[in-house]
Structure formats: structure tokens, C-alpha cells
1. I'm checking my understanding of the structure. Among residues of the stretch 269-296 that are over 18 Å from L40 (Cα atoms) and in a helix (DSSP H, G or I), which one is nearest to the ligand (Cβ to nearest atom)?
2. Just to be sure I understand the filter: pairs with C-beta atoms under 6 Å, separated by 6 or more residues or on different chains, first member in the stretch 279-297 and in contact (Cβ under 8 Å) with a residue 12 or more places away in the chain, second member of a type in the set (G, A, S) and more than 7 Å from the ligand (Cβ to nearest atom). Which pairs pass?
3. Please enumerate the residues belonging to the stretch 286-307 that are touching a Pro at 6+ places or on another chain (Cβ under 8 Å) and not basic (K, R).
4. Of all residues in the stretch 252-297, count the ones that are closer than 22 Å to I99 by Cα and not small (G, A, S).
5. Could you check how many residues of the stretch 256-268 are within 8 Å of the ligand (Cβ to nearest atom) and within 20 Å of A202 (Cα to Cα)?
6. When you look at N76, is it open to solvent by less than 20 Å² (accessible area, probe 1.4 Å), over 18 Å from K179 (Cβ atoms) and either touching a helix residue (DSSP H, G or I) at 6+ places or on another chain (Cβ under 9 Å) or touching a residue at least 40 places away in the same chain (Cβ under 8 Å) (or both), yes or no?
7. Being of a type in the set (K, R) and under 26 Å from L181 (Cβ atoms) narrows it down to one of K302, K255, K307, K311, so name that one.
8. Checking the condition in a helix (DSSP H, G or I), at pLDDT 95 or above and among the hydrophobic types (A, V, I, L, M, F, W, C), which residue from I99, I83 passes?
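The values are calculated or read from the model by the stated rules, or taken from the named source; none is laboratory data. As the structure is a computational prediction, the values presented were derived from the model and not from experiment. Because the Cβ atoms are built from the backbone with ideal geometry, glycine has one as well, and the counts that use them run over all protein chains shown. The area values use the complete protein model at the heavy-atom level, side chains included, leaving out ligands, DNA and RNA. Shrake-Rupley method; radii C 1.70, N 1.55, O 1.52, S 1.80 Å.
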Amino acid sequence: MQPKLSVNIGKLKLKNPVMVASGTFGYAQEFSDFLDLSQLGAIVTKTITLDPRQGNLSPRTCETAAGMLNSIGLENPGIEDFIREKLPLLAKIGLPVIISIASVDDPQELVNLARRLDKIKEVAALELNISCPNLKSQQSTVNSQQKNKKGATMDYRLIAQNPKATYNLVKTVRKVTQKTLITKLSPNVTDITEIAQAAKEAGTAALSLVNTFYGMGIDIKTRKPKLGNIIGGLSGPAIKPIALAMVWEVYRKVKIPIIGMGGIMNVQDALEFIIAGASAVSIGTANFINPRVSIEIIQGLKDYLRKNKIKDINCLIGSLRI
Ligand SMILES: Cc1cc2nc3c(=O)[nH]c(=O)nc-3n(C[C@H](O)[C@H](O)[C@H](O)COP(=O)(O)O)c2cc1C
């Protein structure tokens with residue numbers, strides 16, 4: 001028996017539920033020496049912004065006991081270069097390409113990005129990254145406020161930390177594009193279900209859960225922060241149980257497809273997310289340890305289904321027994 005692995009994320013049809021998480025797989029070509037990219041379920045790009053960005057001060061990554069910290073700060077070539085240089089190669093792989101987009105100074109940038117990408121047929125869906133913890137320059141913001149280019153005072157809380165801001169932005173983006181919208185939420189909140197519900201009401205087709213957790217490290221010899229930006233985002237095995245609980249909570253309360261991520265290192269982890277309610281999973285930090293891990297997880301899912309005589313992976317989604 002060949003078990004059925006295909007899943008739907010809104011209008012998006014994936015041949016299997018394993019995708020790669022934004023920012024951990026570049027623009028895919030970087031990994032083409034290690035695996036047959038066309039075997040993946042979908043590819044999510046590094047987050048793209050309207051203008052090119054150089055990113056944060058180095059060091060931008062460091063290891064922790066059970067994962068890593070990063071403060072890349074959304075380094076990317078900007079939307080026009082991306083469309084010209086990267087998208088044609090991504091499209092050739094023949095998989096759904098999900099473009100992760102973010103605003104930096106003004107939420108309107110996200111709306112403009114969505115409008116720009118709406119007419120491009122190679123784009124299968126947009127992932128709205130409203131949860132990047134690395135945009136605030138810790139060096140220059142003593143208080144939590146800073147002046148933007150126009151001199152207006154900006155509040156640097158993430159959009160995904162405020163249900164109203166999430167609702168307003170997703171709703172506005174929804175109006176300018178026909179593409180499937182996936183909203184990526186932050187775990188750095190009190191109640192993620194509240195934000196998830198707001199995104200759903202505003203018209204997102206699916207949710208990506210979760211982005212990284214705020215974290216920092218200190219070199220005790222120099223007493224300097226381990227990251228140039230001081231605070232960054234924690235990912236990897238350390239966050240898995242927390243991310244899993246968030247997926248489960250959102251699955252129970254908010255009835256839209258979830259792409260689960262956070263510390264998925266192997267097929268066992270991926271299965272836990274699917275059983276908790278994720279329709280698909282994204283592999284992030286694990287790519288840095290084993291670039292073939294996503295393919296191994298796809299094979300592991302097939303083996304699990306076969307061994308347990310489950311014909312269709314959709315029977316497993318949210319099948320937690322209580
Ligand atoms: C080095 C690095 C860069 C990342 N860059 C992005 C990014 O550009 N956009 C985004 O939405 N998430 C980004 N993330 C977060 C991941 O997509 C993912 O949500 C998070 O790392 C949790 O999954 P993991 O524990 O499997 O890595 C980044 C993570 C890492 C480790």
C-alpha cells in the first residue's frame with residue numbers, strides 16, 4: 001500500500017506535508033547539491049522586504065545548549081532583485097513556492113509587496129512574516145521606541161503581538177491579492193490563540209506556528225553579548241515542546257490549517273506536530289545540521305503510515321487521543 005501524503009493548505013495542494021522554514025534554506029539553490037529539491041512538499045523563501053537589507057551587526061548566530069540564537073535582521077536583496085534573480089530558479093524546481101514577506105518601517109510595505117507579487121504566476125502563496133524578533137536594533141533603542149525615517153515615533157512591538165494590528169494588516173493585504181495567505185505568528189505573546197483568531201477573521205487561509213522565541217547569550221570572558229544585536233531569536237530542539245503546545249492550542253480553537261514548526265529535528269518530531277493538529281510541518285534549524293533532513297522526514301512519514309496501516313496522512317492530523 002502506498003499511503004497518501006498529500007495535504008491542502010487552503011487552495012494550495014502539497015504532494016507531501018514537509019516544507020522548509022523561512023530563512024533556513026536560503027532560496028533553495030544553496031541546498032541543491034545535497035538533495036533533490038523537487039521531493040519537498042513546498043519551499044518557503046527567506047523573508048523578502050521591499051528594499052534590500054544588509055541585516056544586523058555580526059555575530060548573527062550562536063549555538064545554545066539545545067538549539068541556536070540568530071539575529072540575521074532579514075538580510076535580503078529586496079523584492080525586485082528577488083523577482084529577477086532568484087524566483088526563476090525557484091520556479092524551475094516545480095514545487096509550490098511560498099514567498100515570505102515582511103515590512104520594516106511601515107506595515108504598508110507589506111501591502112505593497114503583496115500587491116507586487118499578486119500577478120506573478122510562479123508565486124503559489126504568501127507567508128506574512130509579522131513576527132520577526134530581529135528587526136529592532138537593540139543597540140540604538142534604549143527605550144522600546146525609536147524614530148522612523150519620517151520622524152514619527154514607532155512602537156517596536158511586533159504586529160503579531162497585537163490582535164488588532166494583526167487583524168488590520170491581514171485584512172488590508174487580503175484585499176490586494178488573490179494568493180493564498182499564510183500568516184506567521186510569534187510565540188512571544190501571552191495567548192497565541194487570540195492572535196490566531198484575529199488573523200483568521202481577517203482572511204488568512206492558514207497559520208505558520210511559530211517564529212523564534214526572544215533569547216540572548218553572554219560571553220562571560222568578555223562580558224559581551226554573543227549576538228551583535230544583543231537579543232535574537234531562539235530556535236531548535238529547545239523550543240519544540242512550547243511550539244507543539246501552541247499548535248495544539250490553536251488547532252483546538254481556530255479552525256484553519258496550521259503549518260507547524262519549532263525544533264523539528266526528525267520524523268518523530270514531525271509526527272508529534274501533525275498529531276497535535278498541524279496540516280504540514282516546516283523544517284528550520286535542523287537544515288543546518290543535516291541538509292537532507294526534510295527528505296528523511298518524508299520517507300519516515302511514509303514508513304510510519306505503512307507500519308500503522310494508515311492510508312492517508314490526513315487521518316493523522318489532530319488525531320491526539322485524550
Ligand atoms: C538563521 C535563521 C534565520 C531565520 N530567518 C527567518 C526569516 O527570514 N523569516 C522568518 O519568517 N523566519 C525566520 N526564521 C525562523 C524559522 O523560519 C522558524 O520559524 C524557527 O526557526 C523555528 O523553527 P526551527 O526551530 O525548526 O528552526 C529563521 C530562523 C533561523 C534559525
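1. Taking the stretch 269-296 first, the residues over 18 Å from L40 (Cα atoms) are 272, 275-277.
Narrowing the set further to residues that are in a helix (DSSP H, G or I) leaves 272, 275-276.
On the way: E272: 13, I275: 17, A276: 15 Å.
Once the filter is applied, the top-ranked residue is E272.
2. Taking only residues 6 or more apart or on different chains, the pairs are V281/G260; V281/A270; I283/S294; I297/A270.
3. Restricting attention to the stretch 286-307, the residues satisfying the condition of being touching a Pro at 6+ places or on another chain (Cβ under 8 Å) are 301-302, 305-306.
Across the stretch 286-307, the qualifying residues are L301, L305.
4. 15
5. 0
6. Values: open to solvent by less than 20 Å² (accessible area, probe 1.4 Å): yes; over 18 Å from K179 (Cβ atoms): yes; either touching a helix residue (DSSP H, G or I) at 6+ places or on another chain (Cβ under 9 Å) or touching a residue at least 40 places away in the same chain (Cβ under 8 Å) (or both): yes.
For N76, the condition - open to solvent by less than 20 Å² (accessible area, probe 1.4 Å), over 18 Å from K179 (Cβ atoms) and either touching a helix residue (DSSP H, G or I) at 6+ places or on another chain (Cβ under 9 Å) or touching a residue at least 40 places away in the same chain (Cβ under 8 Å) (or both) - is met.
7. Details: K302 fails: under 26 Å from L181 (Cβ atoms); K307 fails: under 26 Å from L181 (Cβ atoms); K311 fails: under 26 Å from L181 (Cβ atoms).
After applying the criteria, what remains is K255.
8. On the way: I99 fails: in a helix (DSSP H, G or I).
Only one candidate passes the filter, namely I83.
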